[in-house]
Amino acid sequence: MANYHVSKRGSGEWQAKKEGADKAGGIFDTQWEAEKAAKEFSANSGGGEVKIHGLDGKIRDSDTVKPAIDPNPPKDKVH
């Protein structure tokens, strides 16, 4: 099980980075591409949480990737 964070890099691209990792798992032109990749990475490692950061660096949304257990299933109505 692996958690990922999607955030903007200083160079302007978006990254999908495994929680606790030193390097990003992938660099992308758009946030949507980075989010999609992070969800695939997490699913391939047994599921987990994908936390999406806004331009200000704060977490603006999170999604649970199966087969992980969603801690708040009825509240997640964004995706």
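Brief remarks on what is shown
- Residues satisfying the stated conditions in region 20-56, i.e. in contact with a Gly (Cβ under 8 Å, 6 or more places away or on another chain) and farther than 15 Å from R9 by Cβ: F41, S42
- Selection of region 1-48 for residues being over 18 Å from D63 (Cα atoms) and of a type in the set (D, E) yields E13, D22, D29.
- Any strands (runs of 3 or more DSSP E) falling wholly within region 1-61 and containing at least 3 residues that are touching a residue at least 12 places away in the same chain (Cβ under 8 Å) and touching a helix residue (DSSP H, G or I) at 6+ places or on another chain (Cβ under 7 Å): 14-18, 48-53
Conditions (1) more than 16 Å from K66 (Cβ to Cβ); (2) surrounded by 13 or more Cβ atoms within 10 Å (Cβ to Cβ), marked per residue:
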residue: G10; (1), (2): yes, no
residue: A21; (1), (2): yes, no
residue: D29; (1), (2): yes, no
residue: E33; (1), (2): yes, yes
residue: F41; (1), (2): no, yes
residue: S45; (1), (2): no, yes
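We did not get these values from a lab; they are worked out from the coordinates using the rules stated. Note that this is a predicted model, so its numbers are computed, not measured. A quick note on method: Cβ atoms are made from the backbone with ideal geometry, for glycine too, and the neighbour counts reach across all protein chains shown.
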